[in-house]
1. Applying the selection to the stretch 10-66, what residues are of a type in the set (Lys, Arg) and open to solvent by 90 Å² or more (accessible area, probe 1.4 Å)?
2. Here are the criteria: (1) open to solvent by 40 Å² or more (accessible area, probe 1.4 Å); (2) in contact with a Phe, Trp or Tyr (Cβ under 9 Å, 6 or more places away or on another chain). Tell me which single one Ala76 does not satisfy.
Amino acid sequence: MKYAIRHITEFVYDAPVCENLMEVRLRPRNDAQQRCYSFDLAVSPHAQAFSYQDYLGNEVHHFDIPGYHDRLTLEARALVELP
């Protein structure tokens, strides 16, 4: 069975922050229990996310948002199949 997953995380700050450095682990893993066919991460304000695999096999996305902002929104979308 395939599942379309949508996850939203929102940070709202009391006062504008001048920069944001972030690492997130939101991509579902591929293993014997599931298969992730697609994954997309949208960041607002816009930032280019880079990724690497950590020592546990998780995909880690990291990005930087320079400049003042009072809100940060992450939207992750994945298509996952379970056997």
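The values are calculated or read from the model by the stated rules, or taken from the named source; none is laboratory data. It should be emphasised that the depicted structure is a prediction, and the values quoted were computed from it without experimental measurement. Please note: Cβ atoms are built from the backbone with ideal geometry, for glycine as well, and neighbour counts cover all protein chains shown. Heavy atoms of the whole protein, side chains included, go into the accessibility calculation; ligands, DNA and RNA do not. Shrake-Rupley method; radii C 1.70, N 1.55, O 1.52, S 1.80 Å.
1. The answer is Arg25, Arg29, Arg35.
2. Evaluating Ala76 over (1) open to solvent by 40 Å² or more (accessible area, probe 1.4 Å); (2) in contact with a Phe, Trp or Tyr (Cβ under 9 Å, 6 or more places away or on another chain) leaves (1) as the failure.
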